[in-house]
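The values are calculated or read from the model by the stated rules, or taken from the named source; none is laboratory data. Since the structure is predicted, the reported quantities are computational estimates derived from the model, not experimental observations. All Cβ positions, even for glycine, are placed from backbone atoms using ideal geometry, and neighbour counts span all protein chains on display. Keep in mind that these areas ignore ligands, DNA and RNA; they rest on the heavy atoms of the full protein, side chains included. Shrake-Rupley method; radii C 1.70, N 1.55, O 1.52, S 1.80 Å.
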Amino acid sequence: MKTRKSLNLVLSIIFTIINLLTICLLIWANEDTFLYDISYIHKYRYIIIIVIQLALTILIWFLKTFWKKLIAFQAGFLLINIVMIFAIFGISLSKSLTNDINNYKKFDIGVQKAAYDFFPDDISDAEVIKYEYFYNYYVHHVYSIYLEIKVDDLNKYLNVYREKGYLEKEFEYDTNYKELVLDDYQANTFNNNYNPKRELGRGDIKKVIYSEINNTIIIQYFESWDHCTTGDVYYFKRFNIS
């Protein structure tokens, strides 16, 4: 009896700790600075896992033999793994693409708030040349937001970024443009069989490109935490970047 109570206590403590960690992960996922998709697939998988763990903790406490406890323990983790597999499968189908300016600043919930704040709220005084929003989730985030506009007053838009200390320099891919840069980082994919002209493993691009010749401004925000095909991202195609 004493052995049974000790085993129950140990397993209960283990599952209580797991539950607390899972709950913490769910809370952290709602922070804007936490780069992780918090769509319903993610959110409810954690809730389902918590329920399974709690039920398993209660069940193990009342089971009498070690083998029954072990079977229940393994069955619980099998259910948790099934939930995770279905969640990952559902995430892999998560993909968005729009060129409609009416969808301006309407992003998937997995996109950081910083990306939303990077773009001006009011562009009613500008002529929209091109808008494209692309979002994909395979194992982790890949998203790109591209806005190209023609304006009468360049400085009205540019000074907002200059005041934040962005690096200003010549744009290397087109001499007709200059750029204000916050981030500009691209890395090769993790797959050794990659095509360097078409594939990307990691990228952080946050910049404002502008032309004083034709009063054009391009605002680009790109995040890749996973494999990305550059052909999916208009910015790379626009300036023939490989």
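From the set of residues in region 206-240 that are in a loop (DSSP other than H, G, I, E, B) and without any contact (Cβ under 8 Å) to a residue 60 or more places away in the chain, which is most open to solvent (accessible area, probe 1.4 Å)? Once the filter is applied, the top-ranked residue is Ile213.
Being closer than 25 Å to Gln112 by Cβ, under 25 Å from the mean Cα position of the chain (by Cα) and open to solvent by less than 20 Å² (accessible area, probe 1.4 Å) is the requirement here; does Leu158 meet it? No: the conditions fail for Leu158. A Cβ distance below 6 Å, combined with a sequence gap of six or more or placement on separate chains, defines the contacts here; from region 142-163, residues that are closer than 19 Å to Thr230 by Cα and modelled with pLDDT of 90 or more reach residues that are in a helix (DSSP H, G or I) and of a type outside the set (A, V, I, L, M, F, W, C) in the pairs Tyr146/Tyr234; Tyr146/Tyr235. Applying a threshold of 8 Å to beta carbon distances and a minimum spacing of six or more residues, or different chains, the list of pairs starting in region 99-119 at a residue that is at positive phi and at pLDDT 85 or above and ending at one that is open to solvent by 80 Å² or more (accessible area, probe 1.4 Å) and in a helix (DSSP H, G or I) reads Lys105/Tyr116. Being more than 30 Å from Asn159 (Cβ to Cβ) and at pLDDT below 75 is a property that holds for Ile80. Taken together, the residues in region 121-142 that are over 16 Å from the mean Cα position of the chain (by Cα) and surrounded by 16 or more Cβ atoms within 10 Å (Cβ to Cβ) amount to 4. Considering region 164-180, the residues that are charged (D, E, K, R) and touching a residue at least 24 places away in the same chain (Cβ under 8 Å) include one that is surrounded by the most Cβ atoms within 10 Å (Cβ to Cβ), namely Glu179.
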